Every structure is written in structure tokens, then in C-alpha cells.
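Let me begin by presenting the structure, written as C-alpha cells, before commenting on it.
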Amino acid sequence: MKFMLIIILSMSSTGNDPKTIELKIPQENKEECLKSAKSFDFTNKGEESTIDFKRIIDIVNRFEYDGYYGIEYEGLNMSEEKGILKTKKLLERHL
């Protein structure tokens, strides 16, 4: 049986001790499962400052996902277009 993977990262109010919750939900068709890469802000090195993309991609890769990713930017520090392009570059770096 195939599963849809949902990853929930929660941060404490101080940003310390992040918790990861992985939920596996039965999924009939792998092709129907779409992953979303959402970003809010970036460090000077191009990493997302509030979400550990490497950690999430490592989890997704364990499930051998090879489908599409939707890319979103919801930050306030740059245009939506620039944020989406930076998110795409970040995603490609960790895939």
C-alpha cells in the first residue's frame, strides 16, 4: 500500500527544540500525491530561516517520492516571484 506523507514541524516560541511529526496516510495512487514547498524568509546563505528544508527533504526521500512539488512563498521581504525562485533553488539544492 502506498502512503501520502504529511510532515508537521512545530517550533517552540523560542525557536529551540523543534518537533517533527510524520503522518502516513494511505494513498491509492502515488501520482495523486503532491508535495508543497513553502517558504517565508531566507538567510544570507539562501536557506529558509524558519523551516529546515534539508530535514524535510530527507524525510520525503525516505519514501522515494519522485513527483511534483508545488512552490509557494508567503514572506514579506521580497516579491512573490523572487521568493518562489529562491524557494525553487533551495528545493533543488536539497533534492
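The values are calculated or read from the model by the stated rules, or taken from the named source; none is laboratory data. This one's a predicted model, so the numbers in the text were calculated from it and none came from an experiment. A quick note on method: Cβ atoms are made from the backbone with ideal geometry, for glycine too, and the neighbour counts reach across all protein chains shown.
What to note about this one:
- The range 51-82, residues that are part of a loop (DSSP other than H, G, I, E, B) and more than 14 Å from S39 (Cα to Cα): F63, E64, Y65, D66, G67, Y68
- So L85, is it at pLDDT 90 or above, touching a helix residue (DSSP H, G or I) at 6+ places or on another chain (Cβ under 8 Å), assigned to a helix (DSSP H, G or I) and hydrophobic (A, V, I, L, M, F, W, C): no
- Remark: pairs (first residue in the range 66-90, closer than 17 Å to F53 by Cα and in contact (Cβ under 8 Å) with a residue 12 or more places away in the chain; second residue aromatic (F, W, Y) and surrounded by 16 or more Cβ atoms within 10 Å (Cβ to Cβ); Cβ separation under 7 Å; 6+ apart in sequence or on different chains) = E74/F40; G75/F40; G83/Y73; I84/Y73; K86/F42; T87/Y73; L90/F53.
- When residues of the range 49-69 are limited to those that are modelled with pLDDT under 80 and aromatic (F, W, Y), the one surrounded by the most Cβ atoms within 10 Å (Cβ to Cβ): Y65
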